[in-house]
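**Student:** So that we are looking at the same thing, I have put the structure below in structure tokens.
The values are calculated or read from the model by the stated rules, or taken from the named source; none is laboratory data. Because the structure is predicted, anything quoted here is derived from the model rather than measured. Here the Cβ positions follow ideal geometry from the backbone for every residue, glycine too, while neighbour counts run over all protein chains shown.
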Ligand SMILES: [Zn+2]
């Protein structure tokens with residue numbers, strides 16, 4: 001008796017047989033055959049672009065590789081430049097870093113890029129708050145985004161881009177009110193992609209820390225909106241992890257720069273690794289049933 005006849009004789013449908021390890025492969029294949037890919041996105045985060053370490057050339061090579069995945073557009077998770085946030089950073093240095101970013105990303109100038117702010121992107125050491133390069137607005141301008149937080153729609157998917165860079169990695173009150181309204185305004189069943197710099201939830205927090213400190217508020221808000229299908233993507237900790245809580249998936253997708261483009265330290269598992277996470281980027285496929293497939297691609301540049 002072959003396997004199919006056996007299953008039939010046992011009165012099992014493929015669906016119920018999916019409880020058994022081997023046939024779950026079959027049913028997963030069938031499901032993926034049925035769902036249709038709606039969008040393919042490249043998620044790059046923590047690029048930390050800088051002129052040193054041959055980073056510009058290596059980053060361009062990485063972008064060329066990403067293009068081969070035939071993505072529809074890019075999500076950039078912040079910490080775009082090496083670091084503008086330290087007290088000793090000069091205007092010249094900030095200009096130099098953004099110049100390298102603008103030059104290297106010409107490689108993908110025919111793609112849309114939707115970015116969020118990272119903690120290292122802002123120049124707080126400007127001589128005064130009126131300086132055109134001070135703080136978040138300058139980064140918003142450099143990244144050509146509409147605001148420090150915003151949302152948009154594409155092919156039936158709703159995208160929310162957050163600004164985590166408030167006291168202790170939180171959403172400020174103004175942003176909370178906006179997010180609550182934004183989530184409320186979308187139709188039941190809408191699939192949602194939420195991009196933040198700091199992870200909202202994750203398992204690596206036990207090793208590294210560095211999550212949103214208002215994870216409880218955000219995950220409670222997501223639960224109130226459980227009639228939508230929410231998936232979250234982040235960076236900041238340069239580590240690769242994923243978690244699921246209350247039906248929401250949280251993916252932290254390493255870092256394009258790995259160990260900030262440097263060779264690494266004693267804890268690096270390989271060249272430019274941060275701990276055990278290689279430098280890389282993620283390709284995210286979005287399907288018509290509201291599911292996502294997140295795959296991390298280490299790069300060797
Ligand atoms: Zn960061």
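**Student:** Quick one: is residue 104 more than 16 Å from the ligand (Cβ to nearest atom) and touching a strand residue (DSSP E or B) at 6+ places or on another chain (Cβ under 9 Å)?
**Tutor:** Here the answer is yes, as residue 104 does meet what is asked.
**Student:** Wholly within segment 1-73, which helices (runs of 4 or more DSSP H) include no fewer than the required count, namely at least 1 residues that are at pLDDT 65 or above?
**Tutor:** 21-34, 55-67
**Student:** Here is a further query. Determine, yes or no, whether residue 200 is in the same structural domain as residue 140 (by TED's automatic domain parsing), outside any strand (DSSP E or B), buried (at least 18 other Cβ atoms within 10 Å of the Cβ) and in contact with a strand residue (DSSP E or B) (Cβ under 6 Å, 6 or more places away or on another chain).
**Tutor:** When the stated conditions are applied, residue 200 passes them.
**Student:** If you check residue 213 against the conditions, is it within 16 Å of the ligand (Cβ to nearest atom) and in contact (Cβ under 8 Å) with a residue 24 or more places away in the chain?
**Tutor:** Yes.
**Student:** Consider residue 238 carefully, then state whether it is under 16 Å from the mean Cα position of the chain (by Cα) and not in a loop (DSSP other than H, G, I, E, B).
**Tutor:** Answer is no for this residue.
**Student:** Only one of (1) under 12 Å from the mean Cα position of the chain (by Cα); (2) surrounded by 22 or more Cβ atoms within 10 Å (Cβ to Cβ) fails for residue 284. Which number is that?
**Tutor:** Answer for residue 284: the failing condition is (2).
**Student:** Could I ask something else about it? Residues of segment 220-242 being under 15 Å from residue 170 (Cβ atoms), crowded, with 19+ Cβ neighbours inside 10 Å and more than 16 Å from the ligand (Cβ to nearest atom), which ones?
**Tutor:** Across segment 220-242, there are no qualifying residues.
**Student:** So is residue 188 within 30 Å of residue 261 (Cβ to Cβ), away from the ligand (no atom under 16 Å from the Cβ), surrounded by fewer than 21 Cβ atoms within 10 Å (Cβ to Cβ) and touching a residue at least 12 places away in the same chain (Cβ under 8 Å) or not?
**Tutor:** No, not satisfied.
**Student:** Within segment 99-190, considering only strands (runs of 3 or more DSSP E) that don't extend past its boundaries, which have at least 3 residues that are farther than 22 Å from residue 59 by Cβ?
**Tutor:** 150-154, 157-161
**Student:** Which of the residues that make up segment 116-138 are in contact with a helix residue (DSSP H, G or I) (Cβ under 9 Å, 6 or more places away or on another chain) and within 16 Å of the ligand (Cβ to nearest atom)?
**Tutor:** 117, 118, 121, 122, 123, 124
**Student:** Just one of the numbered conditions (1) outside any loop (DSSP other than H, G, I, E, B); (2) touching a residue at least 40 places away in the same chain (Cβ under 8 Å) is not true of residue 220; which one?
**Tutor:** (2)
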